[in-house]
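Notes follow once the structure below has been shown.
Computed from the coordinates by the stated procedures, all read-outs in this text should not be read as laboratory data. On a predicted model such as this, the values are computed, not experimentally measured, just so you know. So basically every Cβ, Gly included, is an ideal-geometry build from the backbone, and we count neighbours across all protein chains shown.
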Amino acid sequence: MPLRLYNTRTRTVEPFQTRTPEHARIYVCGLTPSAEAHLGHARSFLFFDVLRRYLEHPRNAYRVTYVQNVTDIDDRSIATAQRDHTTVEDVVERHYGAFKDAMRRLGMREFDVEPWATQYIPQIVEMIAELIEHGFAYAVEDGVYYAVARFPRYGQLSGKHLDELLVGARIAENEHKLDPLDFALWKFAKPGEPAWDSPWGAGRPGWHIECSAMSRTILGVPFDLHGGGYDLIFPHHENEVAQSEALMAAPPMAEFWVHTGLLNFDGRKMSKSLGNFEPLTAVLERHDPLAIRLLFLQTGYRKPMNFTEESIAGATVALERFVAARAALPETADDAGARERFFAALDDDMNTAGAVGVLFSEVVGAGRGGRALLDEALEVLGLGGLRLRTRRDVPAATLPDDLASRLAKQLGDTVSLHGDGPEAAVDAVIAARAAAREAKNFQEADRLRQALLTEGIDLKDSKDGTTWTLAGA
């Protein structure tokens with residue numbers, strides 16, 4: 001059974017086929033390094049890394065050209081540079097350097113091509129000129145805009161209708177576009193901003209045209225697969241389609257559009273204003289990078305996912321099981337179909353959760369396939385680094401330093417936790433729970449136990465008292 005993927009363009013799961021036999025051309029929208037990268041970025045990019053690995057595996061035997069861009073000029077980067085009294089180049093290099101280091105630690109392979117938008121200004125200007133020539137764009141006082149109404153298929157990728165989009169749409173006071181839905185292709189420079197020459201005036205490209213021009217230049221159109229996060233479907237990818245396909249005799253721009261689900265942090269969208277945003281580099285200091293990667297693999301790539309301390313503690317324990325099992329497995333063993341079931345899960349819309357489940361139940365649990373199958377599977381999943389570890393190399397799950405403040409947010413003033421270290425905070429909650437049980441306030445006792453469980457701490461009651469362990473350990 002060939003690999004099947006969910007195609008956002010057709011809204012169906014389809015057999016993956018390429019336009020050129022045995023060659024897969026993939027473009028993934030990369031980072032805009034105007035701020036620190038976070039776990040949501042990592043989840044999306046690591047999925048496409050696994051997809052690439054599987055396409056190159058002998059079972060599929062594709063030669064893959066993998067392109068992931070860098071949006072090194074945009075409004076946010078300029079705003080950050082102005083706020084920090086530095087240059088856009090400094091902002092981009094600082095944040096992108098940290099991102100690339102994090103990706104290496106997470107086992108992400110290098111891209112075949114890594115285009116930076118500012119390196120493709122001539123190609124971007126050329127594409128904008130073509131859009132103007134064909135009547136899909138126009139120049140006004142503040143820049144060049146795409147005329148959305150001129151493209152009849154606008155909204156098909158995202159499933160949105162023009163009438164729906166017009167509700168609430170408006171033209172800002174500083175914009176001169178002709179229609180509220182039109183979007184910028186070229187923005188004329190304001191004083192102090194980076195700028196490049198163009199036939200219409202000095203300025204910089206809009207975000208959407210960058211990806212259209214780079215993918216067309218590097219891969220040609222149509223190409224095989226365009227990827228990115230779910231939040232990019234509209235407007236970014238919808239606008240890419242409009243720009244690219246307006247100039248194509250035979251659309252689509254990409255045969256497959258593949259999107260990854262969003263990631264929540266402690267049950268909420270990551271946001272600095274909500275106080276639950278943590279830079280990717282900081283998360284990697286607290287947790288084993290391969291445990292993070294395994295955790296992502298345990299949820300289907302299209303599903304929303306919630307990252308918690310409890311879940312990463314469980315993934316850390318799972319790593320230990322892999323390492324221990326590998327040391328005990330024979331080199332080879334009768335796989336009884338385990339290998340086929342592992343790859344069949346991946347063939348089913350890259351069901352990595354199912355594939356990991358096969359490894360635990362049949363290889364780790366029953367010893368089928370032996371070390372050879374486990375190593376092959378780990379390499380496809382990007383967990384090949386486990387082959388170099390012994391069990392003592394896998395960091396044990398530990399209590400987070402900020403546990404007291406996290407518990408205080410859940411429990412309010414019920415338990416005095418301010419200034420407590422992690423272990424003292426656990427002991428305080430256990431003592432409060434014991435008092436609640438003594439008073440037969442079982443609802444409060446359950447609430448206190450659940451607060452600990454939310455942080456990955458499991459309680460065990462016995463005649464000798466209550467003890468705790470990290471959940472899954």
Q.
List the residues, sorted by chain then number, that are 5 or more residues from residue 466 or on another chain and whose placed amide H is less than 5 Å from its amide H.
A. none
Q) Taking the structure as given and computing volume of the Cα convex hull per residue in Å³, which label from (1) 152; (2) 126; (3) 181 fits? A) (3)
Q | Interchain or long-range residues, amide H under 5 Å from residue 306's placed H | A | 264
Q) Of the beta bridges DSSP finds with both residues in the chain, what % are antiparallel, to the nearest 5? A) 55 percent
(Q) Where in the chain is the longest stretch that carries no GluC sites (Glu not before Pro) classed as loop by DSSP and with at most 10 other Cβ atoms within 10 Å? (A) 174-330
(Q) Using the Karplus curve 6.51 cos²θ - 1.76 cosθ + 1.60 with θ = phi - 60°, what ³J(HN,Hα) values do you get for each residue of the range 145-156, in whole Hz, with x for Gly and Pro? (A) 10, 8, 8, 4, 5, 7, 10, x, 8, 4, x, 5
Q.
From the phi angles alone, apply the Karplus equation (6.51, -1.76, 1.60; θ = phi - 60°) to the range 35-51 and give each ³J(HN,Hα) in whole Hz, x where the residue is Gly or Pro.
A. 7, 5, 5, 10, 4, x, 4, 4, 4, 5, 5, 5, 4, 5, 5, 5, 4
Q | With Cα atoms, 0 to 90° folded angle of helix 309-328 axis to the chain main axis | A | 70 degrees
Q) If one computes the Cα centroid of the range 158-172 and of the range 184-212, what distance in Å separates the two points? A) 24 Å
(Q) Along the charge dipole of the range 287-393, pointing to its positive end and built from +1/-1 on Cβ of Lys, Arg, Asp and Glu, which listed residue (338, 308, 381) has its Cα farthest out? (A) 308
Q) Residue by residue through the range 158-175, which ³J(HN,Hα) values in whole Hz follow from phi under the Karplus form 6.51 cos²θ - 1.76 cosθ + 1.60 (θ = phi - 60°), with glycine and proline marked x? A) 8, x, 8, 10, 4, 4, 5, 5, 6, 5, x, 5, 8, 9, 5, 4, 9, 10
Q | Cut-off under 5 Å, modelled amide H: who pairs with residue 31 long-range | A | 71
Q: Any chance you could run the full-extension gain for residue 334 through residue 196? It's 0.36 nm times the residue separation minus the Cα-Cα distance, nm to one decimal.
A: 43.4 nm
Q) Angle between the Cα long axis of helix 121-133 and the longest principal axis of the chain, 0 to 90 degrees, nearest 10? A) 60 degrees
Q. Roughly how tilted is helix 370-380, in degrees to the nearest 10 and between 0 and 90, from the longest Cα axis of the chain?
A. 40 degrees
